[in-house]
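Okay, so here's the structure we're looking at.
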Amino acid sequence: MGGTTAPFGGSQYKLFTITNGQIVLQYSSQGVSVASGSQTATVQVVPVTPGGSQISSTAIATVAVQLLAPGSASVSVSPVDLTANGNSNQTAVTISGLKDSDGVTPVPTELWWG
């Protein structure tokens, strides 16, 4: 996400400005679907000239991003309706049957809220 489309390689290549010796970007898996298990997306850095022309198609750095299939769980709340009247009205949220992306392996039950 972000950057500007490079004049080479189609929309899969983006140009980013180096600031303080680094490039910060976001990766999105939008449009990618993993039905089960996992797949790997590889983010690559290729060298370009200051004008944005590709110097080489050989990657000078790569990072693998693991894309996981959706897991499963059951979520319930009680009560389902809360009055928004300024008081401390609360509901209990129960998450059960948490399974990893393989659909079999239970996910550890300790959850952190931040």
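The values are calculated or read from the model by the stated rules, or taken from the named source; none is laboratory data. The structure displayed is predicted, hence computed values, not measured ones. Cβ coordinates were reconstructed from backbone atoms using ideal geometry, including for glycine residues, and neighbour counts include every protein chain displayed.
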Can you report the number of residues in region 5-46 which are without any contact (Cβ under 8 Å) to a residue 24 or more places away in the chain and touching a Lys or Arg at 6+ places or on another chain (Cβ under 7 Å)?
1
2 or more residues modelled with pLDDT of 85 or more and small (Gly, Ala, Ser): qualifying strands (runs of 3 or more DSSP E) within region 1-110:
61-68, 72-78
